[in-house]
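*Asks:* Mind looking over this structure? Questions follow.
None of the figures in this text is laboratory data; all of them are computed from the coordinates on show. Everything numeric in this text was worked out from a predicted model, so none of it was measured. Methodologically, a virtual Cβ is constructed for each residue, glycine included, from the backbone with ideal geometry; neighbour enumeration extends over all protein chains shown.
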Amino acid sequence: MRQSLVGDFIRSVLTQPQRSLEDIAAAHGLSAGTAVRRLRPLRNFLAHFNVNLTYSPIGIEGYEPVVRLTLSQLIWQMGQDGATLFPYAEKQAQMVTKQLQDARLVVKNCPFLRTQNMVAIAMLRNQQEHTMPAFQPLHKVVQLTGYSGVVGARPGFVVRNPHDTALIHLETLLVGNFHSEADTDLQRFVQYHNKCRSACWHLVTGITQQARTLVGYSSSHRNKVLVGNMLAVTVAIDLIGHNIPTFDPIALGGKRPTSDSLERMLKQLFATLPPSMGHFRSLANTMIIRYIPLLTSVINLGVPTVGIALDPEQEQQVYSAMIEIARSVPSVQIVNNEQDADIVVTTRLSADPHYFTLAPQSRSSWLALEKKGSTMR
């Protein structure tokens with residue numbers, strides 16, 4: 001994607017906003033009309049979220065938090081091969097990211113490099129005077145995410161850019177995911193909303209109760225993690241207050257027997273919310289597309305789970321990306337030891353039959369992994 005016209009356009013919006021679409025088209029040996037056609041699917045998709053592409057000069061316009069979340073996802077997709085997309089901003093972005101981690105202002109499960117991308121985008125957009133509007137106060141955000149009691153001294157970036165920090169914190173919550181009920185961040189987060197019986201808590205527990213009735217699953221520890229992850233999606237999107245596009249490969253497995261039933265159940269639940277929770281209706285689509293893979297990861301819907309280990313010899317950015325994608329595939333379970341895995345997944349070519357070479361962003365590649373795993377059982 002990075003070498004494509006679309007990838008060049010997205011990166012140039014952040015690094016060379018003075019370029020025109022004609023400049024980019026010429027660099028790819030294309031006419032301006034062809035460039036417009038190549039960008040049309042992205043432009044049409046983003047229009048549903050009130051985000052617009054401009055061509056002379058190039059740009060992305062809309063509600064700034066949604067624009068930044070859009071750019072963050074696209075840049076993450078473009079850089080998963082380990083390429084440095086913003087070399088002149090990398091050192092400063094790394095430093096700020098480390099400061100945010102030390103201050104406990106980002107979710108620890110979010111990959112460092114993904115958080116670094118968020119920071120770099122905030123810096124570049126601010127340099128171009130696309131500043132954040134008045135946003136949710138940072139103290140309120142960390143209270144609602146369970147972090148208010150653990151946040152440390154706030155570094156200079158936070159003092160100067162509290163709205164930027166609040167959005168970065170929410171985005172790491174949205175994509176970070178909890179993986180264990182023993183996670184103290186998960187415990188604080190869930191306990192806060194359970195104790196105050198927040199609207200987000202009522203929505204998530206209502207959904208999980210209906211899903212349990214629909215397909216039946218036990219109250220295992222995995223379901224405590226499910227509640228935490230669904231609550232993270234709900235709180236983050238509720239605080240952002242807008243529908244957000246997603247470009248991540250959320251649910252890549254084959255057709256599941258009750259996936260349609262789950263979607264119908266979720267849509268019906270949002271349509272019948274009481275007036276006190278009616279504000280969630282406008283955010284239903286953004287929430288539902290993220291709820292379904294979380295629910296199917298626990299319900300599993302009769303699909304055999306393939307135990308995979310990840311090749312540790314890969315570059316860290318590729319390794320982090322594969323972990324993130326694998327966790328969103330319902331039929332895949334990550335195990336720590338290669339000896340306990342059905343397959344070891346790698347992006348490198350390998351003649352070892354126990355290894356499976358996979359292209360992380362390819363849906364067909366994950367489906368092939370699922371098929372191979374099922375034949376080994």
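*Asks:* Each label point is 7 Å from the Cα along the Cα-to-Cβ direction; what then is the distance between the points at K195 and N44, in nm?
*Replies:* 5.0
*Asks:* Something else now. Going highest first, how would you order 22-30, 147-155, 98-106 by mean Cβ packing within 10 Å? Walk me through the numbers before you get to the answer.
*Replies:* On the way: 22-30: 15.7, 147-155: 14.0, 98-106: 18.9.
Output ranking for 22-30, 147-155, 98-106: 98-106, 22-30, 147-155.
*Asks:* Defining a contact as two alpha carbons under 8 Å apart and six or more residues distant in sequence, what relative contact order in percent does region 78-168 show? Display every interim value, and only then the final one.
*Replies:* Values: 64 pairs, mean separation 30.7, N = 91.
Relative contact order of region 78-168: 34 percent.
*Asks:* Take the residue pairs K108/K224; K108/K140; K140/K267; K224/K267; K108/K267; K98/K224 and return only those whose Cα atoms are more than 25 Å apart.
*Replies:* Details: K108/K224 18 Å; K108/K140 19 Å; K140/K267 29 Å; K224/K267 23 Å; K108/K267 32 Å; K98/K224 29 Å.
Those over the limit are K140/K267; K108/K267; K98/K224.
*Asks:* Find how much the distance from H242 to H279 grows on full extension, using 0.36 nm per residue of separation minus their present alpha carbon separation; answer in nm with one decimal. Provide the component values of the computation, followed by the final result.
*Replies:* Details: separation 37, 0.36 × 37 = 13.32 nm, distance 1.08 nm.
This chain segment gains 12.2 nm when fully extended.
*Asks:* Could you tell me the relative contact order of region 70-221? Use alpha-carbon pairs under 8 Å, at least six residues apart, and round to a whole percent. Please report the intermediate quantities before stating the final value.
*Replies:* Numbers: 111 pairs, mean separation 37.7, N = 152.
After rounding, I find 25 percent.
*Asks:* Near the amide H of I334, under 5 Å away, which other amide H atoms are found, from residues 5 or more places off or on another chain, if H is placed in the peptide plane?
*Replies:* Amide H neighbours of I334, under 5 Å, 5+ apart: I308.
*Asks:* If you don't mind, another one. Provide the net charge surrounding T34, with neighbours chosen by a C-beta distance below 15 Å and charges set as Lys +1, Arg +1, Asp -1, Glu -1. Can you show the working numbers first?
*Replies:* On the way: positive: R37, R38, R40, R43; negative: D8, E22, D23.
Summing Lys/Arg as +1 and Asp/Glu as -1 gives +1.
*Asks:* Describe numerically, in nm with one decimal, the distance between label points set 7 Å from Cα along Cα→Cβ at T184 and at K91.
*Replies:* For the pair T184/K91, the computed spacing is 3.5 nm.
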